[in-house]
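The values are calculated or read from the model by the stated rules, or taken from the named source; none is laboratory data. Model, not experiment: these values are computed from the prediction. Note that we place each Cβ from the backbone using ideal geometry, even for glycine, and neighbour counts take in every protein chain shown.
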Amino acid sequence: MNSPADICAGLAIVSKKYAMEASVQPIGEFTSIVGALENFMECVRYLNTRRNGGAVLLLESEADVQDAIYLMLRPWVKDLIPEDPTGRIGNRYTIKDFVSASARTIIEAKFIRDKDHGKSISKELHDDIENYRHHPHCDNIVFFVYDPDTHIPDCDSLKRSIHAVRIYDGRQLNVLLIVKP
């Protein structure tokens, strides 16, 4: 049986393997978060093909994806807080799915419902970046987009426009996008 330290070391190796750009250098808990999310489908596949007919993980909504992410990350990210309101911005409240103050990271899960949502996800992600960049404990935003029916028309273009290091008022903000399956 692997110890938690062995698992974290393995996640660090996996995250390096799947790193999208050299410009973003995740460290510490952030590396563990990225590594775990890169292996999301392997975890789901394992639960859904168990030999003993145990619980199946159905991912049919954004809430289902959020639950799966929380179960994957919580053992290693001790201060992972679900559904943390960021406060009123303009005429609406923004709610980030998860925040970890120790990793200085916001994790935002998205579930692509249909083709229209797949086409509009870029605007939604950019709006979220604008909202979250003001959060005092946010140095990293990880967008996890679950697109089971491949409704995003040009996933590579979306990744290029979202995944970047940004500078706002002299403060660096690392933004990563992970799209599965």
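Brief remarks follow.
- Which numbered condition Gly87 fails, given (1) outside any strand (DSSP E or B); (2) at pLDDT below 95; (3) at positive phi: (1)
- Entirely in the range 1-72, the helices (runs of 4 or more DSSP H) that have 1 or more residues that are modelled with pLDDT of 85 or more, buried (at least 19 other Cβ atoms within 10 Å of the Cβ) and of a type outside the set (A, V, I, L, M): 28-38, 40-48
- The single residue among Lys159, Lys119 that is surrounded by 12 or more Cβ atoms within 10 Å (Cβ to Cβ) and under 15 Å from the mean Cα position of the chain (by Cα) turns out to be Lys159.
- Any hit, the range 110-129, residues being in contact with a Cys (Cβ under 8 Å, 6 or more places away or on another chain) and aromatic (Phe, Trp, Tyr): no
- Any chance Ile141 is over 12 Å from the mean Cα position of the chain (by Cα), at pLDDT 90 or above and outside any loop (DSSP other than H, G, I, E, B): no
- Cβ-Cβ contacts under 6 Å between residues 6 or more apart (or on different chains), taken from a first residue in the range 115-130 that is within 17 Å of Ile178 (Cβ to Cβ) to a second residue that is of a type in the set (Phe, Trp, Tyr), are listed as Leu125/Phe143.
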